[in-house]
Amino acid sequence: MKFLVDNALSPKLSDLLTNYGYDAYHVRNIGLQHATDQEIFNFALKENRILISADTDFGLLLSQWNQKSPSVIIFRKGAERNPFKQMELLKVNLVGKVEEALKKGSIVIIEKNRIRIKSLPIHG
C-alpha cells in the first residue's frame, strides 16, 4: 500500500510507515506543504495513495467526489496525536478488514475508542 500523510499529521508518521515497509510520503517531502486540500486529494488520486490526515475536510471532498478512490484514513479529534502511537494503531488495524476496505475504496475514521469504515462512494 502507498500512503500520503497530510500536513495535519507529523512527518514522522510517514517515516515510520516507510520503516515498516510501506511506500509513504509526507506532503512536505514532495513540495505540497502549502497545497490546498483539493491539490493534495488530486495527488493522492493520481498516485493511487491512501491519504492519511486529521483534517475532516477530506471527508467532505470524498462526499462531493462520489468515486471509489482515493481511500482516506482520518484520525479524528480525541484520537491519538503521537506519531509513534498512531503507527501502532495503523499496524494493528491495517492487516485484515481495514486493509481490504482501503483497497476497495473506503474512508476509515480512527477515533479515541473505535474505528469506523465507510465504503466509497459515500453517496453511492
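The values are calculated or read from the model by the stated rules, or taken from the named source; none is laboratory data. Only a predicted model underlies this, so the values are computations on that prediction, with no experimental measurement involved. With ideal geometry, Cβ positions are generated from the backbone for all residues, glycine too; neighbour counts draw on all protein chains shown.
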Some residue of region 61-74 being touching a residue at least 40 places away in the same chain (Cβ under 8 Å), part of a helix (DSSP H, G or I) and under 18 Å from residue 24 (Cα atoms): no
Selection within region 2-51 - small (Gly, Ala, Ser) and surrounded by fewer than 14 Cβ atoms within 10 Å (Cβ to Cβ): 21, 31
Meets criteria (small (Gly, Ala, Ser), closer than 20 Å to residue 85 by Cα and in contact (Cβ under 8 Å) with a residue 12 or more places away in the chain) for residue 44: no
Selected residue (only one of 25, 20 is of a type in the set (Ser, Thr, Tyr) and touching a strand residue (DSSP E or B) at 6+ places or on another chain (Cβ under 6 Å)): 25
Selection count where residues are under 14 Å from the mean Cα position of the chain (by Cα) and either among the hydroxyl-bearing types (Ser, Thr, Tyr) or not in a helix (DSSP H, G or I) (or both), scope region 82-118: 11
Pairs with Cβ under 7 Å, 6+ apart, first in region 86-99 and under 13 Å from residue 115 (Cα atoms) and in contact (Cβ under 8 Å) with a residue 12 or more places away in the chain, second of a type outside the set (Lys, Arg) and in a helix (DSSP H, G or I): 86/13
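Residue by residue, here is whether (1) at pLDDT below 95; (2) out of contact with any Phe, Trp or Tyr (no Cβ under 8 Å at 6 or more places or on another chain); (3) not charged (D, E, K, R) holds:
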{"site": "1", "(1), (2), (3)": "yes, no, yes"}
{"site": "12", "(1), (2), (3)": "no, no, no"}
{"site": "26", "(1), (2), (3)": "no, yes, yes"}
{"site": "30", "(1), (2), (3)": "no, no, yes"}
{"site": "63", "(1), (2), (3)": "yes, yes, yes"}
{"site": "68", "(1), (2), (3)": "yes, yes, no"}
{"site": "71", "(1), (2), (3)": "no, yes, yes"}
{"site": "86", "(1), (2), (3)": "yes, no, yes"}
Any pair with Cβ under 8 angstrom, 6 or more apart, that starts in region 106-124 at a residue that is closer than 18 Å to residue 95 by Cβ and modelled with pLDDT of 90 or more and ends at one that is loosely packed, with under 12 Cβ neighbours inside 10 Å and not aromatic (Phe, Trp, Tyr): none
Per-region count, region 64-81, residues within 15 Å of the chain's Cα centre (by Cα), over 20 Å from residue 23 (Cβ atoms) and among the small types (Gly, Ala, Ser): 1
Test: residue in region 1-14 that is assigned to a helix (DSSP H, G or I), in contact (Cβ under 8 Å) with a residue 60 or more places away in the chain and in contact with a helix residue (DSSP H, G or I) (Cβ under 6 Å, 6 or more places away or on another chain): yes
